[in-house]
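Working notes for the structure below.
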Amino acid sequence: MMSLSKFEEMLKTNDVYFFDTTEFEEIIHYYLDEGNNSMAKKAIYLALEQHPDSVDIKMIQAEVMVYEDKLDDARILLDNLMAIYPSNEEIYIQIANVLSKKDKHKEAIDYLKIAEQYTDDLADVASLLGMEYLYLDDYKKSRECFSICLEQDIEDYQALYNIIYCYEMESSHIEAIAFLNNYINENPYCEVAWHQIGRQHFVLKNYDQALKSFDYAVVIDEGFIGGYVEKAKTLEKLERYDEAIENYKITLDLDDPTAFVFLRIGECYKKKNDVTKAIYYYKKALHEDPLLDKGWMLLAVIHYAEKSYDKALHYQNKALALDESNVDYWRYHAEINLRLKFYEEATDSLVKCIELGDSGIEIWIILADTWAFYIENITNALATLVSAKKQHHNFAEIEYRLGCLFYRSNQKKEAFLHLKTAMSLDLDYYLIMEELCPDVFMDPEVKRMILNLLDNPQ
């Protein structure tokens with residue numbers, strides 16, 4: 001760029017060369033595109049020395065201020081420009097941008113509506129208005145704005161996507177389908193629209209209709225990767241796994257392989273009970289993306305199903321190393337450790353589940369039973385049940401266990417109180433506890449409690 005070389009030479013020699021505003025704009029945009037804000041600001045400064053009244057240079061100056069988050073400075077500059085050039089739509093658009101960044105979306109809309117009165121590019125302003133309404137969760141008005149964009153350019157797919165997004169946010173999938181059908185009447189060979197119709201039918205579980213839509217999408221554009229992926233996912237739902245695999249594999253020929261596709265192929269083989277191929281494709285997915293925790297989890301699950309608990313634990317540890325806050329991973333980790341009779345490790349995993357918010361009654365009971373019946377640490381088991389009772393009141397599962405463990409600790413008065421409470425909550429549950437603690441239910445007093453309740457049900 002001749003003007004750029006000339007500009008840089010001027011900076012080196014301290015000579016003063018003249019540039020018209022167009023040349024300065026090119027120079028400034030070059031530096032901005034290169035991410036060299038310092039040089040861009042030097043160019044702006046020199047441009048304004050030579051062209052102090054240039055609205056275009058001042059507009060770029062305002063843009064740089066906004067980029068640097070100097071919103072108040074930008075607003076002062078833009079207000080001054082608006083006073084001088086009240087019919088310049090770009091000024092109103094930039095003021096709206098400043099207000100939007102301050103989360104003042106209603107005020108931003110007011111300024112965009114003024115810009116709308118002066119602009120020759122109605123679609124551009126309508127798109128900006130649509131985004132502001134999106135920020136306000138006003139999906140109806142947002143759709144109306146993006147519809148103006150489509151009226152101006154029927155192939156404005158970003159506007160089309162935004163309209164469908166609005167319908168989806170309102171869970172108005174049927175209305176989205178109706179809109180897309182009208183759109184297709186005007187633009188029947190639009191693979192994007194067919195793809196979107198398919199997605200709406202998929203959400204509604206109309207899998208046959210979804211499949212037809214995805215078929216149209218890939219016929220129109222044989223290289224449409226998204227169409228093949230969605231078609232494959234739909235075939236999975238229809239339990240047509242061989243066809244699903246075939247469509248996933250088409251995407252591998254069209255573009256670089258992805259971990260997601262390999263994972264889905266593995267899932268298809270798993271559903272076909274082809275464990276060897278499922279494991280092969282899970283591993284291919286992890287070769288593409290070793291940080292894919294779900295891939296390690298699926299390997300753990302499939303090895304667990306095959307009773308290869310050591311391997312399952314190995315893979316589950318890898319999943320947890322990547323996502324230590326995933327409650328499901330910790331719960332499964334506990335389950336594997338229980339299978340391997342690694343009881344201390346199982347309790348650690350169960351405690352982690354509770355710490356992460358998975359504190360349902362089931363978790364507490366498994367933890368208490370592990371302490372009581374596998375590790376035989378009654379003190380920890382009782383402490384666990386007491387903590388559980390603070391969250392879960394009037395649960396027979398807790399009261400029976402408290403009764404049995406107090407009995408075994410020779411605290412029979414406490415034991416009988418809890419057993420009486422437990423039986424009043426759910427008498428039949430004693431049959432389960434009798435298998436775990438037969439000695440307790442051989443006690444004459446406990447037998448008498450049960451007989452009394454059987455003879456005199458509450």
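General observations
- Computed from backbone phi with θ = phi - 60° and the Karplus coefficients 6.51, -1.76 and 1.60, the 3J(HN,Hα) list for the range 340-349 is 7, 6, 8, 6, 4, 5, 5, 5, 4, 5 Hz; x is used for glycine and proline.
- Seen from Cys437, the other residues with C-beta closer than 12 Å to its C-beta sum to a net charge of -3, counting Lys and Arg as +1 and Asp and Glu as -1.
- Stretch in the chain that is longest and holds no trypsin sites (Lys or Arg not before Pro) that DSSP places in a loop and that have at most 16 other beta carbons within 10 Å: 342-458
- Dipole magnitude of the range 389-458, debye to nearest 20 (Cβ charges: Lys/Arg +1, Asp/Glu -1, about Cα centre): 360 debye
- Cross-link pairs Lys102/Lys205; Lys311/Lys352; Lys311/Lys389; Lys212/Lys270; Lys237/Lys318 - those with Cα-Cα distance over 32 Å: Lys102/Lys205; Lys311/Lys389
- Extreme residue, positive dipole direction of the chain, given options Ala259, Tyr45, His29 (C-beta unit charges): Ala259
- Label-to-label distance, Ser409 versus Lys140, with points set 7 angstrom from Cα along the beta-carbon direction: 6.2 nm.
- Estimated dipole of the chain in Debye, rounded to 20 [Cβ of Lys and Arg +1, of Asp and Glu -1, Cα centre]: 2720 debye
- Residues of type lysines that Lys447 reaches as a straight line, Cα spacing below 21 Å, ignoring anything fewer than 8 places off in the same chain: Lys412, Lys413, Lys420
- Acute angle (nearest 10 degrees) that the helix 2-13 long axis makes with the longest principal axis of the chain, alpha-carbon atoms: 90 degrees
- The angle between the Cα long axis of helix 259-271 and the main principal axis of the chain comes to about 30°, on a 0 to 90 degree scale.
- Cleavage-rule hits (GluC sites (Glu not before Pro)) in the range 88-196: DSSP loop, at most 10 neighbouring Cβ within 10 angstrom: Glu155
- Spatial separation of Cα centroids for the range 106-152 and the range 1-63, in angstrom: 32 Å
- Cβ-derived FRET efficiency at R0 56 Å, Thr421 paired with Glu49, nearest 0.05: 0.05
- A full extension of the chain between Asp348 and Tyr118 corresponds to an added length of 76.1 nm, given 0.36 nm per residue minus the alpha carbon distance.
- Computed over the chain, the per-residue total of -39500 (n - 2.57) for DSSP H runs of n ≥ 4 gives a 222 nm mean residue ellipticity of -24500 deg cm²/dmol, rounded to 500.
We did not get these values from a lab; they are worked out from the coordinates using the rules stated. If you're wondering where the values come from, they're calculated on a predicted model, not measured in any experiment. Using ideal geometry, Cβ is built from the backbone for each residue, glycine included, and neighbour counts are taken over all protein chains shown.
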